[in-house]
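All remarks here apply to the structure that follows.
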Ligand code: MN
C-alpha cells in the first residue's frame, strides 16, 4: 500500500518519514491529521488512520468547517502512520516541495464504511463533529466529496 508513496520520494533528500506498514494499533483510538501544504498549489492534506496506513485526500480550499459545507477531496497515495507527526520543509526539486504545517490533529471514531461512504466523528480542536467522505461510483476514481454533517 505504500509503494506509490515510496516511489515518489527520495528519502535521502526529503525529511519525510520512509515509514513502514503498521501492524495496526488495535485498542488504540484512530487518529486523523490535516496538514496545510504550501506546495505549488496550496492545499490541505486530510488523512485518516485506516488499514494500517494514513488514507489521504487533498482538499484545495481547506476542510469544511461549517455544517452542510462540502469540498472536493482528491484521493492521493496512502501515507505511513508516522506521517501524522510530519511538519517541515520538503526541499525544492522533491515531490511536493514546500512547507508543511500541522493544521489539526486528533482522534476519530469510524461510524460507517461502505463502497461509497466513509462516515466518522472527529475529535479535533478545529475539526469536530460528524463528517462524511462520499465516493459515488459515477465519480472519477480519485474524486471524493467531504461534507460536514453535524
Ligand atoms: Mn500534499
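Rule-based calculations on the coordinates, nothing more; no lab input. This one's a predicted model, so the numbers in the text were calculated from it and none came from an experiment.
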Query raised in the report: What percent do you get for the relative contact order of segment 69-150 when only Cα pairs under 8 Å and 6+ apart count?
Result: 29 percent
**Report entry** Computed lengthening from residue 111 to residue 36, 0.36 nm per intervening residue step minus Cα-Cα distance
**Finding:** 24.4 nm
Report task. State, in angstrom, two size descriptors of segment 83-137 derived from its alpha carbons: Rg to one decimal place and Dmax to the nearest whole number. Result -> 15.1, 40
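Below 8 Å between Cα atoms, with a sequence gap of 6+, how large is the relative contact order for the chain in percent?
Numbers: 353 pairs, mean separation 35.9, N = 150.
Answer for the chain is 24 percent.
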Requested in this report: Find how many whole Å separate the alpha carbon centroid of segment 43-58 from the alpha carbon centroid of segment 72-146.
Outcome: 4 Å
Query raised in the report: How large is the helix-only mean residue ellipticity at 222 nm for the chain, computed as the sum of -39500 (n - 2.57) over DSSP H runs with n ≥ 4, divided by its residue count, in deg cm²/dmol to the nearest 500?
Result: -500 deg cm²/dmol
